[in-house]
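J.: Handing you this structure, nothing more for now.
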Amino acid sequence: MSQAFHNPTPEEIRAFTEEMPEARLSAYGNVNVQTKVLSRSAASTFVVDRESSGKTMTREDFDRIAQMQDEYLATNDVIVIDGYIGNDAEMRTRARLVMEKRYANIAGMQQKLYFERADDADPEVTVIYTPGLPAPGYPDDRVIAVDLDNYVTRVLNSDYFGESKKGGLRMWNDIVYNKGGLALHAGLKVIPTAHGDKVFMIIGLSGTGKTTTTFTTQNGSKPIQDDFVGLMPGGHAYGTENGCFAKTFGLDPDFEPSIHGAVVKPNAYLENVYQDDDGTVDFFNENYTKNGRAVFEMRDLLSYEDARNVGRVDYLLILNRNENLIPAVSKLNQEQAAAFFMLGETTGTAAGGAAEEGKFLRVPGTNPFFPLPHGLQGNRLLELLATHPIETYLLNTGRVGGNDGDDRSKKLRIPDTSACVKGIAEQTITWEEDPDFGYQVASSVPDLDDTEKLQPRVLYGSQGRGDEYRQIVEKLKSDRVAHLQQFTQLSEEIIKAVG
């Protein structure tokens with residue numbers, strides 16, 4: 001007979017984790033688990049019997065998977081973790097993870113992200129997770145089956161923690177949408193200014209600088225939320241998690257001291273982070289994967305703020321890791337904001353697996369976890385902006401003028417993006433209209449004295465590449481319109497904003 005461990009203490013889960021053959025102790029005293037699956041499994045994710053933005057499966061197929069998984073769990077020990085997604089009484093959602101004990105690290109990581117829940121009420125959202133059970137007939141013999149009708153996600157044959165985290169948050173997307181809001185793949189921070197505290201929401205695909213931009217400090221700013229927030233009418237924002245699932249590749253204490261300090265504490269969980277035989281961790285080594293991760297609690301950061309203590313959202317930043325002619329920063333009107341939100345243009349990273357890394361992508365809302373038809377996202381964002389004006393900006397966290405192998409290009413560094421964020425908060429950027437795209441581009445930004453980064457057409461012009469620039473402009477415009485037109489639910493005014 002199997003045994004169920006209900007809400008064990010963090011110390012008990014840590015002891016279970018240390019028994020795993022894949023677990024090693026690092027020199028920092030925290031546990032580092034090497035997984036077989038290195039990123040989310042989009043090709044193996046199916047929504048049950050609903051119109052969806054991704055793949056779908058029948059109710060009969062889901063029931064067959066459920067029966068197979070339940071029979072497996074009847075002979076394997078499990079850990080049950082209960083908590084809340086969110087901590088605001090108006091929006092928090094009771095959540096539960098049922099985890100195969102053999103992979104206890106996932107239970108320990110999820111426990112850090114849930115907000116504590118003391119009641120014994122039934123969960124609203126459940127993730128049932130069996131990494132040791134193959135799913136023959138599905139891509140890589142793996143399946144993530146998403147039942148939106150009952151808010152149950154079943155994960156088979158993946159030992160990557162992200163499927164647990166996203167399993168609950170994917171359901172939360174549907175819950176928030178049904179309440180009239182929109183769940184956003186975004187960070188949240190508050191920046192003090194002479195004109196009062198300013199609340200920033202930062203949208204971006206995993207690996208494009210969302211966490212870095214959220215945690216980089218301007219004027220003693222404080223992070224509120226790292227990865228998912230809910231935006232409701234009137235500009236009200238709600239947090240989801242009591243911790244962070246942060247990428248560790250390239251983690252530098254000089255640029256990201258708060259994240260680095262949290263990651264090296266003994267109570268953090270590491271996943272696929274490179275370490276030598278003696279336990280020495282190397283955040284810059286990519287021999288196993290660039291998608292090394294760490295989970296830690298918000299209280300382990302240098303500072304943070306609770307979403308319940310801040311006002312409405314003032315600024316929305318849409319991150320775009322591009323390599324040609326997206327400026328360091330540009331200012332959008334509401335229709336442009338919804339359009340660039342829906343375009344979700346960026347360069348893929350290891351977070352999306354080998355199929356995405358290094359490739360130009362368009363991911364609507366930069367949210368690969370929205371389970372409903374994507375066109376609904378853009379329309380809802382435009383509706384929400386109409387209830388409370390939020391100034392929206394597009395930030396490029398990549399390069400201008402070419403890829404990193406092109407010596408004519410210029411890299412947009414973390415201090416460049418930080419200068420743009422500070423300039424937005426303090427309203428010290430001067431703007432002019434871009435003649436090609438109609439949005440506002442910066443003519444000057446304090447602490448970023450490089451017109452070629454602020455206006456890429458200047459860079460192309462100074463290098464005698466004017467024809468190349470014009471060709472890219474025309475192709476981008478036509479490609480963007482064609483891309484947005486495929487979302488049949490999307491408002492025509494949003495599509496016209498990029499034409």
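J.: Restricting to segment 106-123, give me the number of residues that are of a type in the set (D, E) and either buried (at least 20 other Cβ atoms within 10 Å of the Cβ) or not in a loop (DSSP other than H, G, I, E, B) (or both). Steps first, please.
T.: Kept after step one, since they are of a type in the set (D, E), are these residues of segment 106-123: 116, 119-120, 122.
If we keep only those that are either buried (at least 20 other Cβ atoms within 10 Å of the Cβ) or not in a loop (DSSP other than H, G, I, E, B) (or both) too, we end up with none.
So the answer is 0.
J.: Right, another one. Pairs, please: C-beta under 6 Å, at least 6 apart or cross-chain, first residue of a type in the set (G, A, S) and in segment 96-124, second in a helix (DSSP H, G or I) and buried (at least 17 other Cβ atoms within 10 Å of the Cβ)?
T.: Once the first residue is of a type in the set (G, A, S) and sits in segment 96-124, its partners that are in a helix (DSSP H, G or I) and buried (at least 17 other Cβ atoms within 10 Å of the Cβ) give A104/I13; A104/F16; A104/T17; A107/I13; G108/I13; G108/T17.
J.: Residue by residue through segment 125-158, note down the ones that are buried (at least 19 other Cβ atoms within 10 Å of the Cβ) and more than 29 Å from N178 (Cα to Cα). Give the steps one after another, and end with the answer.
T.: Going through segment 125-158, the residues buried (at least 19 other Cβ atoms within 10 Å of the Cβ) turn out to be 125-131, 133, 135, 138, 142-148, 151-158.
Residues satisfying the conditions are T130, P131, L133, A135, Y138, R142, N157, S158.
J.: A further question follows. Residue under question is T126, and the condition is that it be part of a loop (DSSP other than H, G, I, E, B) and among the β-branched types (V, I, T); does it hold?
T.: no
J.: Just one of (1) more than 14 Å from V421 (Cβ to Cβ); (2) buried (at least 23 other Cβ atoms within 10 Å of the Cβ) trips up F200, so point out which.
T.: Against the list (1) more than 14 Å from V421 (Cβ to Cβ); (2) buried (at least 23 other Cβ atoms within 10 Å of the Cβ), F200 comes up short only on (1).
J.: For segment 229-256, which positions are touching a helix residue (DSSP H, G or I) at 6+ places or on another chain (Cβ under 9 Å), over 11 Å from R293 (Cβ atoms), in contact (Cβ under 8 Å) with a residue 24 or more places away in the chain and not in a strand (DSSP E or B)?
T.: Matches in segment 229-256: P233, G234, G235, G239, T240, E241, N242, D252, F255, E256.
J.: May I ask you to say which residue of L376, L384, L395 is in a helix (DSSP H, G or I), modelled with pLDDT of 95 or more and in the same structural domain as A237 (by TED's automatic domain parsing)?
T.: Working: L376 fails: modelled with pLDDT of 95 or more; L395 fails: in a helix (DSSP H, G or I).
None of the other options fit; the residue is L384.
J.: Out of segment 314-359, which residues are surrounded by fewer than 24 Cβ atoms within 10 Å (Cβ to Cβ), modelled with pLDDT of 85 or more, part of a loop (DSSP other than H, G, I, E, B) and aliphatic (A, V, I, L, M)?
T.: Passing the criteria: only L325.
J.: Also: Taking N291 as the residue in question, decide whether it is in contact with a Leu (Cβ under 6 Å, 6 or more places away or on another chain) and either part of a loop (DSSP other than H, G, I, E, B) or crowded, with 21+ Cβ neighbours inside 10 Å (or both). Don't jump to the end; show me each part of the working.
T.: On the way: in contact with a Leu (Cβ under 6 Å, 6 or more places away or on another chain): yes; either part of a loop (DSSP other than H, G, I, E, B) or crowded, with 21+ Cβ neighbours inside 10 Å (or both): yes.
Against the criterion (in contact with a Leu (Cβ under 6 Å, 6 or more places away or on another chain) and either part of a loop (DSSP other than H, G, I, E, B) or crowded, with 21+ Cβ neighbours inside 10 Å (or both)), N291 qualifies.
J.: Restricting to segment 455-488, give me the number of residues that are outside any helix (DSSP H, G or I) and among the small types (G, A, S). Lay out the reasoning, then the answer.
T.: Going residue by residue through segment 455-488, those that are outside any helix (DSSP H, G or I) are 455, 463-465, 486-488.
The next check asks that each one be among the small types (G, A, S); those that pass are 464.
The number of residues fulfilling the criteria is 1.
J.: Which condition breaks for R362 when tested against (1) at pLDDT below 95; (2) surrounded by fewer than 19 Cβ atoms within 10 Å (Cβ to Cβ); (3) under 19 Å from T213 (Cβ atoms)?
T.: All conditions pass for R362, except number (3).
J.: Here is a follow-up. Do you know which of the residues in segment 1-58 that are surrounded by fewer than 16 Cβ atoms within 10 Å (Cβ to Cβ) and of a type in the set (A, V, I, L, M) is nearest to A121 (Cα to Cα)?
T.: A4
J.: Go through segment 46-81 and count every residue that is assigned to a loop (DSSP other than H, G, I, E, B) and either outside the structural domain of F115 (by TED's automatic domain parsing) or polar (S, T, N, Q) (or both). Break it down stepwise before answering.
T.: Let us first name the residues in segment 46-81 that are assigned to a loop (DSSP other than H, G, I, E, B), namely 49-54, 58, 74-77.
Now drop any that are not either outside the structural domain of F115 (by TED's automatic domain parsing) or polar (S, T, N, Q) (or both), which leaves 52-53, 58, 75-76.
Total satisfying the criteria: 5.
J.: Restrict the check to segment 25-42 and report whether at least one residue is part of a helix (DSSP H, G or I) and under 22 Å from the mean Cα position of the chain (by Cα). Walk me through it before giving the result.
T.: Filtering segment 25-42 for residues part of a helix (DSSP H, G or I) gives 42.
Next, from what is left, pick out any that are under 22 Å from the mean Cα position of the chain (by Cα): 42.
Yes, some residue in segment 25-42 is part of a helix (DSSP H, G or I) and under 22 Å from the mean Cα position of the chain (by Cα).
J.: Among the residues of segment 78-86, is there at least one that is farther than 27 Å from E12 by Cβ, in contact with a Pro (Cβ under 8 Å, 6 or more places away or on another chain) and touching a residue at least 12 places away in the same chain (Cβ under 8 Å)?
T.: Of all residues in segment 78-86, those farther than 27 Å from E12 by Cβ come to none.
Taking every residue of segment 78-86 in turn, none turns out to be farther than 27 Å from E12 by Cβ, in contact with a Pro (Cβ under 8 Å, 6 or more places away or on another chain) and touching a residue at least 12 places away in the same chain (Cβ under 8 Å).
J.: Looking at (1) buried (at least 16 other Cβ atoms within 10 Å of the Cβ); (2) outside any helix (DSSP H, G or I), can you tell me which one E452 breaks?
T.: Failing condition for E452: (2).
J.: Looking at Y103, Y84, which one is among the hydroxyl-bearing types (S, T, Y), crowded, with 22+ Cβ neighbours inside 10 Å and not in a strand (DSSP E or B)?
T.: Numbers: Y84 fails: not in a strand (DSSP E or B).
It is Y103.
J.: Moving on to the next point. Sort through E256, E271, E241 and tell me the only one that's of a type outside the set (A, V, I, L, M), modelled with pLDDT of 95 or more and either surrounded by fewer than 24 Cβ atoms within 10 Å (Cβ to Cβ) or over 23 Å from I203 (Cβ atoms) (or both). Before you say what the answer is, go through the steps one by one.
T.: Details: E256 fails: modelled with pLDDT of 95 or more; E241 fails: either surrounded by fewer than 24 Cβ atoms within 10 Å (Cβ to Cβ) or over 23 Å from I203 (Cβ atoms) (or both).
Result of the check over E256, E271, E241: E271.
J.: Quick one: would you say A121 is in contact with a Lys or Arg (Cβ under 9 Å, 6 or more places away or on another chain), closer than 30 Å to A237 by Cβ, modelled with pLDDT under 95 and aliphatic (A, V, I, L, M)? Give the steps one after another, and end with the answer.
T.: Working: in contact with a Lys or Arg (Cβ under 9 Å, 6 or more places away or on another chain): yes; closer than 30 Å to A237 by Cβ: yes; modelled with pLDDT under 95: yes; aliphatic (A, V, I, L, M): yes.
It is true that A121 is in contact with a Lys or Arg (Cβ under 9 Å, 6 or more places away or on another chain), closer than 30 Å to A237 by Cβ, modelled with pLDDT under 95 and aliphatic (A, V, I, L, M).
The values are calculated or read from the model by the stated rules, or taken from the named source; none is laboratory data. These figures come from a predicted structure and were not determined experimentally. When we count neighbours, we look across all protein chains shown, and the Cβ atoms used for this are built from the backbone with ideal geometry, even at glycine.
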